[in-house]
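Single-structure report; data block below.
The values are calculated or read from the model by the stated rules, or taken from the named source; none is laboratory data. Model, not experiment: these values are computed from the prediction. With ideal geometry, Cβ positions are generated from the backbone for all residues, glycine too; neighbour counts draw on all protein chains shown.
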Amino acid sequence: MSGLATILRKDLKIELRTKEALSASFVFAVLVLVIFNFTLILTSDEALRLGAGFLWIAFAFSGILSLNRSFALEREEGCTQGLLISPAEPGSIYLAKFLANVILMLTTELLVVPLFVVFFNIEFERVGLLILILALGTIGFSSVGTLFSAIAVHTRMREVLLPLLLLPVTVPVLIASVETTAYALGADITVAFWFRLLIVYDIVFVTASYLVFEYVIQE
Amino acid sequence: MSDTPTVRTEKITKQFGRFTALLNISIEIAQGEFVSIVGQNGAGKTTFLKILSTIIRTYEGDAQLFGSALRRAGADVRRRIGVVLHESLLYPDLTVADNLTYYARLYGVSNRHERVAEVIRRLDLDVKARSLVRSLSRGLRQRASLARAFLHEPDLLLLDEPFTGVDERAAGLLTDSLAEFKKRGGTIVMVTHNIDRAWHLADRMIILQRGTLAFETATSITTTDAFRTRYEEILGGEA
C-alpha cells in the first residue's frame, strides 16, 4: 500500500486549503433540498419515503461535483504523471483517491442531514443506522465514481461525461440507499434485501475498481 | 561502476494511431554517462523520455533500466529515476515546501526534512519555499521541479528541456547540480533544442529525426561546429 496515506493526506490538505469541492457540493446539496422543500408540500409519511429520495438525489449530484475535482487537481501541472513515475502502486493511488472522495462526500452528507431534518420536519431515532447507511451508500457511489473520474478527466467533455457514465452504473446502490435511508428515518418497510445489496455492491465495485484502475490511469 | 548499462533499449517503436513517434530506437547508456538528445519538434524526443520514465508503458520493442525490464518496472526501479518534464508535476495549491515534502514521503526519503531543506537551498528557493506553486513564475516553477527531481537522490535523471525559462543564475545552479550528480556516478538523459548547452554538458549527442535515430557521436571526438553542420544537414534533408 505504498503511497496510500501520503496521497490521501495530500488530497485532504489541498481540500482543506481550497475548500473547493466541499463548499461547492454542500451548497449544491442544500439548494436541491431547498427547491424540493418549497415546491412540494408533503405529509409526514410522504416525507419519510420521498425525503430519502430527495436526500440521495442531492448527495449523488453534489458527489459528482467533488468526484470531478478528484482527478482534475492531478491534471494541472501534469501531476498524474508525477503519480505514474513515483513508486506508488496504481492500487494505492486508487484507494487514496477513493478514500478522499468518501471522506469529502460523507462530510457533506453529515452537514446536510441536519438541514434536511429541519426542512422536512422529520423526527427519527435510528441515527447510528442512518450514518451506517450513508457510509455504505457513499462507499458504493465513490468506488465507481473514483474510477470513472479518472477516465473522464482525460476527455474534453469531462464534466458531462462523468454523470453520464456514473449514474447508470450506480442506480442499484442509489435505490438501495434510498430504501434503507427511508427505513432509518422511520418508514415502515422491509429492507433486508436492499441492505444486503448495498454491502455486496460495495465489495464488488471496490474490488473491481481497484483491480482495473492500473489500466485506466496509464496512458 | 556497474557493467550493466543504466538504459538499454532495443528496437523501441511507438505509434499514436497512424503516427509513428519512434521507430526502432536502440540505445545503450552506461552508468555515469550524460547523453543529450536533440531534434526538431515532433522528432520523438519527449516520447522516448516518457517511455524511459514509465509514463508511457505500451510500445513495441524492449527496454531495460538498471538491467530490469521496463514494462515490469516496479517501485524499486521507479524510485531510482528523477524526471523533469515540460510541466512541473507540482500541485499549484500547495507550497513549494509542501510539494517537496509530499514527494519525499512518496519516494520514502528517510531524512526528508533535511533533504527537502537541502534541495531548496541548492536550487536557491529559500525565499519561495512557503509560496504556493500557483504564484511562482515559469522559471521558479522549473527550479522547484528540478528540486523535486533531485530530492530522492536518483541514479538516473531524465530531463526534458530543463533549462527552459530559467535565468542565467538558475542555469548556473542547474549546471553545477548536474555536474555534481554525474560526478557521483549518476546517469543523465537530457532532451533539448539548445545544442550549445547540450554539447557543453554531454558525453554523447544523439539526433532524432522523425522518430528514428539519425546520428550519434561522442562529444570528445568531434567539435560543436562539426556536429552543428551534421545536424543542419540532417534537418536540411528533411526539409
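Computed values, structure above
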| item | result |
| --- | --- |
| Any chance A:D45 is crowded, with 19+ Cβ neighbours inside 10 Å, in a helix (DSSP H, G or I) and among the acidic types (D, E) | no |
| Test result for B:A170, at pLDDT below 90 and of a type in the set (A, V, I, L, M) | yes |
| Test set (1) within 14 Å of another protein chain (Cβ to nearest Cβ); (2) buried (at least 22 other Cβ atoms within 10 Å of the Cβ); (3) touching a residue at least 60 places away in the same chain (Cβ under 8 Å); (4) assigned to a helix (DSSP H, G or I) - A:G82 fails condition number | (3) |
| Contacts under 6 angstrom Cβ, first residue in region A:2-16 being at positive phi and at the interface with another protein chain (Cβ under 7 Å from one of its Cβ atoms), partner among the small types (G, A, S) and buried (at least 18 other Cβ atoms within 10 Å of the Cβ), 6 or more apart | A:G3/A:A88; A:G3/A:S92 |
| Cβ pairs under 8 Å, 6+ apart, first in region B:152-173 and closer than 11 Å to B:L85 by Cα, second at pLDDT 90 or above and of a type in the set (K, R) | B:D160/B:K45 |
| Matching residues, region B:68-86, being in contact (Cβ under 8 Å) with a residue 24 or more places away in the chain and either under 24 Å from A:A72 (Cβ atoms) or of a type in the set (S, T, Y) (or both) | B:V83, B:V84, B:L85, B:H86 |
| Selected residue (criterion: farthest from the other protein chains (Cβ to nearest Cβ)) from residues of region B:141-154 that are out of contact with any Gly (no Cβ under 6 Å at 6 or more places or on another chain) and assigned to a loop (DSSP other than H, G, I, E, B) | B:E153 |
| Options A:V178, A:V113, A:V102, A:V160; residue that is surrounded by fewer than 16 Cβ atoms within 10 Å (Cβ to Cβ) and either at negative phi or in contact with a helix residue (DSSP H, G or I) (Cβ under 8 Å, 6 or more places away or on another chain) (or both) | A:V160 |
| Qualifying positions in region B:199-232 - more than 15 Å from B:I25 (Cα to Cα) and of a type in the set (V, I, T) | B:T217, B:T219, B:I221, B:T222, B:T223, B:T224, B:T229 |
| A:L33 being more than 14 Å from chain B (Cβ to nearest Cβ), more than 16 Å from the chain's Cα centre (by Cα) and in contact (Cβ under 8 Å) with a residue 12 or more places away in the chain | yes |
| Residue among B:A198, B:A214, B:A226 that alone is outside any strand (DSSP E or B) and either on the phi > 0 side of the Ramachandran plot or buried (at least 18 other Cβ atoms within 10 Å of the Cβ) (or both) | B:A198 |
| Qualifying residues in region B:79-96 (those that are aliphatic (A, V, I, L, M) and more than 14 Å from B:V189 (Cα to Cα)) - the one farthest from the other protein chains (Cβ to nearest Cβ) | B:V96 |
| Wholly within region B:23-116, helices (runs of 4 or more DSSP H) carrying at least 3 residues that are among the hydroxyl-bearing types (S, T, Y) | B:96-106 |
| Test: residue in region B:119-131 that is within 14 Å of another protein chain (Cβ to nearest Cβ) and surrounded by fewer than 19 Cβ atoms within 10 Å (Cβ to Cβ) | yes |
